[in-house]
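Take a look at the structure below.
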Amino acid sequence: MCRGLVAGWALLLALLCAGAEHERSREAMLRSHLARVHEFSCHEPQPRALEAEPLVNARSDEHVLPPSTVLHRCKDAGCCGARQVCAPLNSTPITLWFNVSSTVSRMWDMRSAEVLNHTHCSCQDFSELRR
Ligand SMILES: *[C@@H]1O[C@H](CO)[C@@H](O)[C@H](O)[C@H]1NC(C)=O
Ligand SMILES: *[C@@H]1O[C@H](CO)[C@@H](O)[C@H](O)[C@H]1NC(C)=O
């Protein structure tokens, strides 16, 4: 009877210890996750591939070369606080040239697009951006 009680307590203690162990490892995983997020905070824009057709207002019969370009963007370029987004703080206007050819007439021409390249990002409130 008594021995059974002792065994019962031992089992309970073992379960509690295992539970505490599990809790500690979950906390460690949470801490490393928080550190990783902190490391990747919104600051530097990231290179992104952007479709060229909308940049040069291409018609449906036009073929654009290169079909996509690379620009630095702040969107999703780093983590922010709650109800904030990573948005451009500074950007530089640049001119990009494309080869636009007509699939109908077989003629081609060079067409430029004025675009903004993001140079610095910061966390900005949703409410501020909507204004
Ligand atoms: C532009 O594209 C046309 C059609 O593909 C091609 O014939 C022409 O050589 C290209 N021009 C340049 C400067 O790449
Ligand atoms: C865009 O800006 C980044 C810095 O944010 C720079 O490294 C990159 O060369 C720029 N791209 C162009 C096409 O000027």
Rounded percent of accessible protein surface that carbon and sulfur make up, the stretch 1-45, 1.4 Å probe
70
Taking every C-alpha to C-alpha distance in the stretch 7-112 and binning by 5 Å from 0, the per-bin percentages run 2, 10, 12, 11, 9, 8, 8, 7, 6, 5, 5, 4, 3, 3, 2, 2, 1, 0
Mind ranking 79-88, 24-33 by how tightly packed they are, going by the mean number of other C-beta atoms within 10 angstrom, highest first?
79-88, 24-33
If I take every Cα pair under 8 Å that is 6 or more residues apart in the stretch 37-131, average their sequence separation and divide by the length, what percent do I get for the relative contact order?
33
I want to verify a result. In a Gaussian network model of the chain, Cα cutoff 10 Å, which of these has the top mean-square fluctuation: L89, L13, L116?
L13
Cβ-based charge dipole, the stretch 1-105, positive-most Cα from A77, H38, T95:
H38
Kindly provide log₁₀ I(q)/I(0) values, in the same order as q = 0.19, 0.26 Å⁻¹, from the Debye equation applied to equal alpha-carbon scatterers of the stretch 17-72.
-0.77, -0.97
What percent antiparallel are the DSSP beta bridges of the chain, to the nearest 5?
95
Kirkwood Rh in Å, taken over all unlike Cα pairs in the stretch 75-131:
14.1
Per the helix-only calculation at 222 nm, which mean residue ellipticity applies to the chain, given -39500 (n - 2.57) for every DSSP H run of n ≥ 4 and division by its residues, nearest 500 deg cm²/dmol?
-11500 deg cm²/dmol
Please work out the average accessible area per residue across the chain, using the 1.4 Å probe convention, and give it in Å².
77
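The values are calculated or read from the model by the stated rules, or taken from the named source; none is laboratory data. The shown structure was predicted, so the numbers you read here are calculated from the model rather than taken from an experiment. Please note: Cβ atoms are built from the backbone with ideal geometry, for glycine as well, and neighbour counts cover all protein chains shown. Just the protein is used for accessible areas: all its heavy atoms, side chains included, with ligands, DNA and RNA removed. Shrake-Rupley method; radii C 1.70, N 1.55, O 1.52, S 1.80 Å.
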